[in-house]
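Worksheet: one structure, shown below.
Since every read-out is calculated from the coordinates, none of them should be taken as a lab result. Bear in mind that the values here come from a model prediction, so they are computed numbers and not experimental data. Every residue, glycine among them, receives a Cβ derived from its backbone with ideal geometry; neighbour counts consider all protein chains shown.
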Amino acid sequence: MAATSTTTSFTKSHPNVELENEESENLSHECRELLLYLPKEKGWDFPYFYLYQDIWYPPTRIQAIISFQKHFQAKDNDIIIASLPKSGTTWLKALIFAIVNRNRFSPSQHNHPLLISNAHDLVPFFEFNHYGNNQQIPDISDLPEPRIFGTHIPFHSLPDSITKSKCKIIYICRNPFDHFVSFWLFINKVIPPSLPKLSREEALERYSRGANEFGPFWTHMLSYWRESKVMPNNVLFLKYEDLKGDINFYLKIVAEFLGFPFNSEEESNGVIESIIELCSFEKMKELEANKKGEFMQKYENKNFFRKGEVGDWVNHFSPGMQEKLSKVIEDKLGGSGLSF
Ligand code: PAP
């Protein structure tokens, strides 16, 4: 089914009659009504995805997003880490948690929270955690400040409470080739036994149409890319590859952007290097907290740490697949100023 530019272009004469047979049990009446008229696609790790505000999601995610959009009250000092899944979210959450809390928790202390907890537990997502608990509205007003949140939803779906505030939003983006490989391998690990695993060709076909959860990737990336140009004091756009290339430089940029710059004493005392070490792929992958346990009772923590490399895509793409994705990137991102 082709993606439409708005969800309202579907009329009530084409309801999704199969909805009642799906995972609609815990959905509100409002959400079920909405789903009946949204464009629908075959899912990957869910039976179906629905197009809500130009992005594909499973039903439970749409319910959570609606609740988030209705109820979330931003504070001007909130920090929001945004990304497509598999773009470096876990890493960026860890880095930002360590930067912002470095006066409470020294990055070199042996019992730092990041040594005993997965970064997703320390920095929960709006749509999976806070607002993902069926229809319950969370009380998050008294979380320690500055509050740090994660989200995989695009800029245009963030509530006005955020976009009209002084919140700091940091987006991390990844080369679509590596992003695709990381995403495809991850989803195949979490697909329930009732659904088929996707071959890389089938997965790429869907990814190239934008038909994956939180896709199309170009719509998502461009939503933050454009805002980062319009509101550079509020939205910082980062690339995974840049961080891998010079993490020291980007850590300072991030700290400065968030209003937590490193002073010269910290610089000479090696605080930056301690944070880099604490959050390094090698260190995080080997922690008990990341080898064991699950996120959302579905995603094993160990699956958030695979290779952590730039360019691994060459081991997974045929020449035909490379040509196909290059063309999509050119078609969808060409002229935007965003390139990889
Ligand atoms: P999520 O959105 O599901 O949380 P996310 O953390 O964005 O996933 O992305 C996971 C990718 O980041 C994995 O990439 P790979 O499949 O190509 O290996 C993972 O290995 C990588 N990653 C996780 N932690 C780090 C880290 N500390 N440093 C660098 N890369 C990391």
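For the residue pairs LYS168/LYS283; LYS86/LYS166; LYS164/LYS252; LYS283/LYS324; LYS86/LYS283; LYS166/LYS285, the alpha carbons lie more than 30 Å apart in LYS283/LYS324; LYS166/LYS285.
Simple spin-label estimate for ASN103 and ILE140 gives 2.4 nm between the two label positions (7 Å along the Cα-to-Cβ direction from each Cα).
Here the 3J(HN,Hα) profile of the range 269-277, calculated from phi with Karplus coefficients 6.51, -1.76 and 1.60 at θ = phi - 60°, is 8, x, 5, 4, 5, 5, 5, 4, 5 Hz, Gly and Pro shown as x.
Based on the Cβ-Cβ distance from SER318 to GLU282, what FRET efficiency comes out when R0 is 30 Å, to the nearest 0.05?
Computed FRET efficiency for SER318 and GLU282 comes out at 0.45.
Site pair GLU30 and LEU195 shows an inter-label distance of 2.6 nm when each label is modelled 7 Å from Cα along Cα→Cβ.
Taking the C-alpha atoms only, the angle from helix 319-333 to the longest principal axis of the chain is near 80 degrees.
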